[in-house]
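Participant: A single structure is presented below for examination.
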Amino acid sequence: MSISALQKARYEYKPKLPAVLKNKLDKVVVEFGKPTESVADQAELKALFKNTYGKPEALVVKGKNENANKQIKVGVILSGGQAPGGHNVIAGLYDGIKAGNKTSSLYGFTGGPSGLIECKYVELDDKIIDEYRNTGGFDIIGSGRTKIETDEQYKASAETAKKLALDAVVIIGGDDSNTNAALLAEYFIENNVSTRVIGCPKTIDGDLKNEFIETSFGFDTACKTYSELIGNIERDANSSKKYWHFIKLMGRSASHIALECELQTRANICLISEEVEAKKMTLRQITDDICKAVVKRSEGAGNFGVILIPEGLVEFIPEMKVLIAELNDKMALKADEFNALKDFAAKKDWLKSNLSAVSFETFASLPEAIAVQFLADRDPHGNVQVSRIDTEKLLALSVEARLAEMKKEGTYKGKFSSYCHFFGYEGRCAFPSNFDADYCYSLGVNAFVLIASGVTGYLSSVRNLTAPADKWVAGGIPLTMMMNMEQRHGSKKPVIRKALVELDGAPFKAYAENREKWAVETAYLYPGAIQYYGPSEVCDQPTKTLKLEQK
Ligand code: FBP
């Protein structure tokens with residue numbers, strides 16, 4: 001196999017670990033804290049998770065662990081969208097398992113959760129693991145978005161667990177996948193399956209976080225990759241001074257990626273979905289705000305600029321939010337009827353009699369090319385696939401139309417020419433930054449410690465992440481602690497609550513304090529490419545979001 005020079009060098013990189021995980025793993029145990037409660041809907045969740053609700057927090061500390069050297073069998077699943085560092089979680093888990101007992105086995109379920117359901121797996125060995133250390137991607141075993149939700153799927157998962165005599169399954173995933181991990185842990189206990197279930201917090205979106213999960217892995221690398229590209233575009237825009245760039249950034253509902261990239265690059269405008277929702281801003285108001293900045297810059301800096309747009313924005317614009325919620329419900333409840341409709345015209349007709357008048361009006365006001373995207377297939381969790389809606393184009397068209405009106409009115413004299421970009425897939429499989437490489441490897445080793453401690457229904461947690469890795473704190477957080485009840489597929493379901501951008505949080509405030517200046521002046525920052533080798537202040541820094549949150 002031919003490999004790049006960087007890949008070869010990254011194979012040799014030794015991820016940094018928290019001090020406690022550098023001990024021999026039979027010399028660490030977990031210490032339990034107080035029982036926990038879910039973030040909301042305690043009674044409903046307690047009833048649904050009879051065996052796993054309310055478990056105590058776990059902290060990894062020094063101590064003698066007699067179980068660490070037992071021979072065990074563990075299965076691992078990569079679930080959902082790719083995030084840099086997934087391979088290192090598996091490498092850390094593998095190294096932990098083998099350090100405990102060389103005859104223990106790690107099975108990688110292929111293609112995501114469906115691998116567990118269909119019992120499709122590969123046994124991971126030194127050769128496979130060594131080929132993927134410190135590399136991006138999920139190609140070691142592949143990923144998938146199958147949700148384990150039907151009785152048959154639960155039964156099949158239990159059969160696989162029993163057939164392979166698994167001591168544990170580790171699910172590496174985001175909020176939805178870890179919700180699945182919680183349900184599976186409960187199902188296994190309820191059905192006398194001894195396999196334990198441990199989750200790992202993955203998602204570039206950065207929305208799986210709380211007091212104990214400071215960040216999900218992949219967010220750091222993805223944001224740094226996008227910020228490099230945004231910085232390059234800013235320099236290009238500032239050189240030619242003739243284009244406005246509308247850049248949509250992945251992140252699903254949460255605007256964490258857009259906000260982090262804004263702090264790293266100081267683009268002229270960064271829309272924050274959570275603020276749009278809080279201020280109930282309509283598409284027209286958002287358009288007017290952008291136009292104000294375009295006009296001001298046309299009178300000073302020039303006819304150019306850069307705008308960052310979180311991919312979930314449409315879901316937060318009040319009229320669009322109502323429309324999407326109605327579409328989600330109707331498309332789920334009358335799926336057969338909807339799926340039988342032949343073309344867009346037939347679907348529009350059907351919507352006229354199935355949506356409220358207001359929502360139908362909103363739908364009809366969208367350019368057809370964009371309206372079609374609102375009707376695309378939902379993901380297996382029932383969410384609209386926001387990455388498929390060209391919000392950046394919707395905004396660019398809307399701004400262009402408004403500026404044309406303003407020109408007629410004589411309130412705008414500049415020239416407006418726009419380019420649209422969408423950065424998402426570009427950042428999900430980058431070589432993990434040192435931060436993500438270290439964090440992920442630690443999460444993997446820590447997952448083994450949790451397994452060896454006999455817990456189930458826990459999320460591997462490594463925190464104190466703005467300190468040097470040596471000072472990171474390892475532990476486990478009960479999955480039910482992060483859950484509440486939400487409307488999904490037309491009914492209420494237990495789910496891990498998404499952490500959206502907090503408008504009174506330090507990262508948003510850092511932007512809000514500067515945004516008027518950054519909109520009008522050209523205050524761009526050019527972060528450049530991720531550096532893997534060199535001084536620590538260049539190579540090992542966590543995100544600005546994390547630093548501001550932990551100040
Ligand atoms: P996860 O939530 O599974 O981590 O996925 C994150 C994400 O990259 C989102 O930012 C994006 O909306 C979505 O995946 C795209 O999904 P897909 O990979 O199926 O196109």
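Every read-out reported here was derived from the displayed coordinates using simple, explicitly stated rules and does not represent laboratory data. Being a predicted model, the structure only gives us computed values, none of them experimental. With ideal geometry, Cβ positions are generated from the backbone for all residues, glycine too; neighbour counts draw on all protein chains shown.
Participant: Long-range amide H contacts for ARG196: which residues qualify at under 5 Å (H placed 1.01 Å from N, peptide plane, sequence gap of 5 or more or a different chain)?
Facilitator: ALA168, VAL169
Participant: Using helices alone, I'd like the mean residue ellipticity at 222 nm for the chain: each DSSP H run of four-plus residues gives -39500 (n - 2.57), total over residue count, nearest 500. Can you show the working numbers first?
Facilitator: Working: 23 runs with 238 residues, N = 551.
Mean residue ellipticity at 222 nm (helix-derived): -13000 deg cm²/dmol.
Participant: Same structure, new question: For the chain, what is the charge dipole size about the Cα centre, in debye to the nearest 20, if Lys and Arg each add +1 at the Cβ and Asp and Glu each add -1 at the Cβ?
Facilitator: On the way: 70 positive and 72 negative charges, 127 e Å.
That gives a dipole near 600 debye.
Participant: Still on this model: Just tell me which lysines come within less than 19 Å, Cα to Cα, of LYS147; anything on the same chain fewer than 8 places away is out.
Facilitator: Leaving aside lysines fewer than 8 places away in the same chain, those within reach of LYS147 are LYS120, LYS155, LYS202, LYS492, LYS493, LYS498.
Participant: I would also like to ask the following. Mind listing the phi-derived Karplus ³J(HN,Hα) values for the range 351-364, rounded to whole Hz, using 6.51, -1.76 and 1.60 with θ = phi - 60°, and x for any glycine or proline?
Facilitator: Listing the rounded values in order: 5, 4, 8, 10, 9, 5, 4, 5, 5, 5, 4, 4, 4, 5 Hz.
Participant: Something else about it: Please state the relative contact order of the range 435-551 as a whole percent: Cα pairs under 8 Å, 6+ residues apart?
Facilitator: Contact order relative to length: 20 percent.
Participant: Each residue of the range 445-452 in turn: what ³J(HN,Hα) in whole Hz from Karplus with 6.51, -1.76, 1.60 and θ = phi - 60°, glycine and Pro shown as x?
Facilitator: Each residue's phi maps through the Karplus curve to give 4, 5, 4, 5, 4, 5, 4, 5 Hz.
Participant: Counting other C-beta atoms within 10 Å, which of MET281, MET250, MET483, MET1 has the fewest, and how do the rest follow?
Facilitator: Values: MET281 19, MET250 23, MET483 27, MET1 4.
Least to most surrounded, the residues fall as MET1, MET281, MET250, MET483.
Participant: A further question on this structure: Show me the GluC sites (Glu not before Pro) within the range 146-235 that DSSP assigns to loop and that have at most 11 other Cβ atoms within 10 Å of their Cβ.
Facilitator: Values: sites: GLU149, GLU152, GLU159, GLU186, GLU190, GLU211, GLU214, GLU228, GLU234; in loops: GLU149, GLU211, GLU214.
Those satisfying the criteria are GLU211.
Participant: Which of the peptides 355-368, 82-95 is most tightly packed, and how do the rest follow, judged by the mean count of other Cβ atoms within 10 Å per residue?
Facilitator: On the way: 355-368: 14.8, 82-95: 28.9.
Ranking the peptides 355-368, 82-95 by packing returns 82-95, 355-368.
Participant: Can you list the lysines whose alpha carbon is less than 22 Å from that of LYS24, not counting same-chain residues fewer than 8 positions off?
Facilitator: LYS14, LYS16, LYS62, LYS64, LYS70, LYS73, LYS98, LYS102, LYS471
Participant: Taking LYS242 as the anchor, which aspartates and glutamates have their alpha carbon closer than 13 Å to its alpha carbon, excluding any fewer than eight residues away along the same chain?
Facilitator: GLU234
Participant: I'd like the trypsin sites (Lys or Arg not before Pro) in the range 320-386 restricted to DSSP loop residues with at most 14 other Cβ atoms within 10 Å, sorted by number.
Facilitator: Details: sites: LYS321, LYS330, LYS334, LYS342, LYS347, LYS348, LYS352, ARG378; in loops: LYS334, LYS342, ARG378.
Those that pass, being in a loop and sparsely packed, are LYS334, LYS342.
Participant: Moving on to the next point. Can you give me the relative contact order of the range 289-423 as a percent, contacts being Cα pairs under 8 Å and 6 or more apart?
Facilitator: Numbers: 94 pairs, mean separation 43.1, N = 135.
Relative contact order comes out at 32 percent.
Participant: Can I ask one more? So what is the relative contact order of the chain, in percent, for Cα pairs below 8 Å that sit 6 or more residues apart? Intermediate values should be presented prior to the final figure.
Facilitator: Values: 1196 pairs, mean separation 134.7, N = 551.
Dividing the mean separation by the residue count of the chain yields 24 percent.
Participant: Which of the trypsin sites (Lys or Arg not before Pro) found in the range 59-89 are in a DSSP loop and have at most 15 neighbouring Cβ atoms, other than their own, within 10 Å?
Facilitator: Working: sites: LYS62, LYS64, LYS70, LYS73; in loops: LYS64, LYS70.
For trypsin sites (Lys or Arg not before Pro) across the range 59-89 that sit outside H, G, I, E and B with at most 15 neighbouring Cβ atoms in 10 Å, the list reads LYS64, LYS70.
Participant: Next question, about the same structure. For helix 283-299, what angle does its Cα long axis make with the longest principal axis of the chain, in degrees from 0 to 90 and rounded to 10?
Facilitator: Once rounded, one gets 70 degrees.
Participant: Explain nothing, just compute: Karplus ³J(HN,Hα) = 6.51 cos²θ - 1.76 cosθ + 1.60, θ = phi - 60°, for every residue of the range 155-166 in order, whole Hz, x for Gly and Pro.
Facilitator: So the J values, rounded to whole Hz, are 4, 4, 4, 5, 5, 4, 4, 6, 4, 8, 6, 6.
Participant: Taking amide H positions as placed 1.01 Å from N in the peptide plane, with prolines and chain starts having none, which residues 5 or more places from ASN268, or on another chain, fall under 5 Å of its amide H?
Facilitator: VAL306
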